[in-house]
Each structure stands twice: as C-alpha cells, then as structure tokens.
Amino acid sequence: MEQERIRELADEATERLLNKPGTVSSTKGGWMMISTILIEAWDLYAIAFVLIFIKQEYNPTPGQLGLVAAAVQGGALVGALLGGYVADRLGRKRVFIMTMILFIIFAIAQAFSQNIWDLIIIRFLIGIPLGSDIANGYAYIMESMPRRARERMGSRWQGMFGLGEVFSIIVITIMYASGLNPEILWRVALALGAVPALILLLARLDLPETPLSLLHRGQFKKAKETSMELFDDPLEMLPDEDVHIDKVKVGDFLHVIWADPIKKRSTIFGWISNACQGAEFTAFGFYIPIILVVAGVGVSSGGSLLGTNLVTALIFSLATVAGFVAPMMLHRIGHRGLSMWGFGLAFVGLIVGAIALHFDWKVVIVIAACVLMWGHYWDASNGMTIVSMVAPPRFKATASGFGYVFVKAASFFGAFIFPIMNEAWGKAGATLAVSVLSLIGFLSAAFILPEMYGYVEQEEVIEEEDLAAEAPGGPAGHAAAM
C-alpha cells in the first residue's frame, strides 16, 4: 500500500476518533495521566517546605539553595523534550511505565544524599521522568478522551497540583508537630513521593496504548483493538494488518503548526503562557512558606512554624478549589477568558502583595497571596491543553513536551533567580518584578490567543471564522453549553 493512501486512512480514522464520545476506559486513562500532577506537586512543594531544614544542615550559598529548588525544573525541561520525542516513536504506554519506575528510584535516592551537590544532582535526575511523563500524559489525554472532555481533563492539572500541595503540607506539618528531627524530616518528606508514584504505576499497568499513537506508527491491528476499548469503534476502514509509515521529523511538527494560523497563534500563546505562569509561581508562590516565615506571618513567639504551615495550607486549599473551578468555566468564558481572568488576578495579587510586604501588612500579605494563587491556578490551567490540543497525533507528545519546556525553563529560572532578586531588591522589589510576567500573560491572551474551546485538530488550514462559530458565544458554542 502506498504511503499516501496509508496516510489518508490514518487521517480518516483520526478525524473520526477525535469526534467520538469516549467510554469508561477512556475516562479512566485521562484520570490516570492527570494524576501525575499529584506526584509532581508533592515533590515540588515538599522541597519548598523543607528548604529551611536543608539550609540548616548543609548551609548552602544563595545560589546553591536556588539550585536545590530549581534542579528538578531543569531536569523536567530535558525530560519534556526527550520524553515527547520518544513517546511519539515508541508509544505512550512504554514511556509512562518507564517514567514512574525512574521517579520511584530517584525519589528514594534523595533521602540518602550526603551533601548539597548530591541533592542538587539527584533532584535534576528526578525531574527527567517528571517532565517526560507530563509530555506523554497530555498526549494520552488528547488522544484517548472525547471532544471537550479532553479539554476539561487537561485543564484540571492545577486542581490536581493543588491537591498534591495541600497533601504535602498536611503530612509535613504532622511530621513537624510530632517533633521529628529536622535532619530526618526533610529526607523522609522527599522520599515519600515514591509512595503515590508506586500506586500510580500499579494503576496504569492495565491501561491500553492510544489508538491514535498506534495508527500513526502503522500498527493498524492493535489500533483497531484499542479503538473498540476506548471509543467502541472498530475503524472498519483500516486493513487488518500492520503497515510501514515513514517516521516524521521534528521539523515537520513546526512546519504544520506554522502553516495554520490558528495552530500558530494558539501555540505561540501556549508557549508564552506556560513561561509566564511557570516563572510567576516558582518566583513567588513556590517561596510562600519562606516569605511568610520571614514576614512573621503565623510564627509564634516561641518560633513555632505551625501557624505558618496552617496559613499556607489555607492559601493552597483555596487555590485547589480554583483549580477545579477553572475547567467548569470553560464553556462559559472559553480558554481566552480563563487566561485573561487568571493572569489579571495574579497581576493584582502580586502588586498588592509587594506593597503589603513593603509596609509589613501581615493580613494583606495573606489576602494578596490568596488572590495571586486563585489567578495563577486559572492562568496555568490551559496552556498545556492548548499546545497539545492543536498538534496532530503523529507528533502530539513532541508538541506537549516542547510546550512543557517553556513551563520548566521559566520555572527553573524563577526558582533560581528569586532568592538572588530577594537578596538584591528585597521581598517587595522582587515580588513587584514578578508581576511583569502576569501582565505579559494577560496581554498575550487578549491579543494573540484565538478562542479554542471545542477545537478538533485536523491537518489542514482552518479559517478563524470557522472556529469562532464553535467558540463560547458562537452558535455551536451555545449549543454545546446547553
């Protein structure tokens, strides 16, 4: 069979599946993929809570402390690029099994670090499977779930992130209240991330490969089987035999994205949004526990940090609610509205927070942090969804990985540079500088992002007017919301 005809059949099957309702199996797969965020949140926020103990034991320089916080982001950057590329060639299932095994090994290894550089290197390594799994997981969600449901699932990542953060806060607070030696506490806290990872690994073992990934690798027989499981569709147009399909190049991905104005604008916005929200959080939200301690918020006269931990738990509990509300708002305000509201609130929260830090208004600091985190959990909810949604299946994981690179590059920069900015400009000045990122994100949503809610990927140029008909407020958008 000629390559052109094979590609036509694969594209025909792809278009049909992307418009099909899903099954219980497809919903389960979506939840199993988005649950990776719980593990990332545990690791990311556990380190934020125990940095003060690591500092006491290892006495690092500000640069080393920044690297401890940022190393996992650097590893995830590498993992996102490699994981997406590999998943498009080897399939989704092989990669998501391998990444969880690696994470478990490295999570436990953190507990046995002997010096600050040991910890920095291990945290870099642990970021590689995390970044790979996120890139692969978003591809899985976009390929295994029905239209609009996949968008809502992808946009739940901040809600899941919040759950992981709150869970880590509660567990670490319990360990702290029990009087556990700080030198043991931080090691146990970091190693505990292996527990949810093991549970998730076992739960994923019986998940199928996505039919779209199989299709575009020429594995038609297996694609028809998994299509029945996930979409109850036999894909009768495909032959009952595997075929050879030429492998795509990374350059093909960029060519296809750049050829379509909707894909191009959406992808550019996704990259900007991912970068702004990544730095926005790790430059301020990540350091909230330390900022509150230094500002004296919740710290008792005896120096106990229990009050600070409880205030932080309250802030992130509110943020978690915001993370789960965000997907519910999509059919009302769309992706564009969600991003504008999110970045707008984050900008206001950071400006007010900077003023409150300068004048030591403790209550206002907490209120500003709540506003910031509500906004952040909205603006961060859909960047990855958008870049994954518009990419063709044959390089969807590559596109997801490339989009996640912007999150992690900015997160690495924010986590590393904020302690240095704080040292040079003070807490208020550093916070004010971070607000510029939120403003850039708001302007990008307002002037670059076309409305994407309800978008179905197809490898041909779509005019923006056609897409607008299905957006919230358009005829199809109204019909879908009913």
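Suppose we take every Cα in the chain and form the convex hull; what volume per residue is that in Å³?
130 Å³
Give me the percent of accessible area attributable to carbon and sulfur for the stretch 37-150, probe 1.4 angstrom. Write out the running numbers ahead of the final one.
On the way: 2460 of 3440 Å².
Carbon-and-sulfur percentage of accessible area, whole number: 72.
Going highest first, how would you order 183-195, 254-266 by mean Cβ packing within 10 Å?
Final packing ranking: 183-195, 254-266.
Counting only helical runs of four or more DSSP H residues, what would the 222 nm mean residue ellipticity of the chain come to if each run contributes -39,500 (n - 2.57) and the total is spread over all its residues?
-26500 deg cm²/dmol
Simple spin-label model, 7 Å along Cα-to-Cβ: LEU314 to ILE268 in nm?
Placing both labels 7 Å along Cα→Cβ, they lie 4.4 nm apart.
Against the longest alpha carbon principal axis of the chain, how many degrees, from 0 to 90 and to the nearest 10, is the axis of helix 250-259 turned?
Relative to the chain, helix 250-259 is tipped by roughly 80 degrees.
Taking the highest mean first, how do the peptides 274-280, 435-441 order by number of other beta carbon atoms within 10 angstrom per residue?
274-280, 435-441
What number, in percent, do you get for the relative contact order of the chain if the mean sequence gap of Cα pairs under 8 Å and at least 6 apart is divided by its residue count?
The normalised contact order for the chain reaches 25 percent.
What's the angle, to the nearest 10 degrees (0 to 90), between helix 116-144's Cα axis and the longest principal axis of the chain?
Compared with the principal axis, the helix lies near 30 degrees.
Per residue, how much accessible surface does the chain expose to a 1.4 Å probe? Answer in Å², no decimals.
For the chain, the solvent-accessible area averages 37 Å² per residue.
In whole percent, what relative contact order does the stretch 1-142 give with Cα contacts below 8 Å and a gap of six or more residues?
35 percent
In nanometres, what is the gap between the two model label sites at LYS221 and LEU439, each 7 Å from Cα along Cα-to-Cβ?
Inter-label distance under the simple model: 6.1 nm.
If one takes the longest principal axis of the Cα atoms in the chain, at what angle in degrees, from 0 to 90 and to the nearest 10, does the Cα axis of helix 306-359 lie?
10 degrees
All other residues with a Cβ under 12 Å from the Cβ of GLU2 taken together, and with Lys, Arg as +1 and Asp, Glu as -1, what is their net charge?
On the way: positive: ARG5, ARG7; negative: GLU4, GLU8, ASP246.
Its environment carries a net charge of -1.
The values are calculated or read from the model by the stated rules, or taken from the named source; none is laboratory data. Since the model is a prediction, treat every value here as computed from it, not as a measurement. Glycine gets a Cβ as well: all are built from the backbone with ideal geometry, and neighbour counts include every protein chain shown. Side chains included, ligands, DNA and RNA excluded: accessible areas come from the protein's heavy atoms. Shrake-Rupley method; radii C 1.70, N 1.55, O 1.52, S 1.80 Å.
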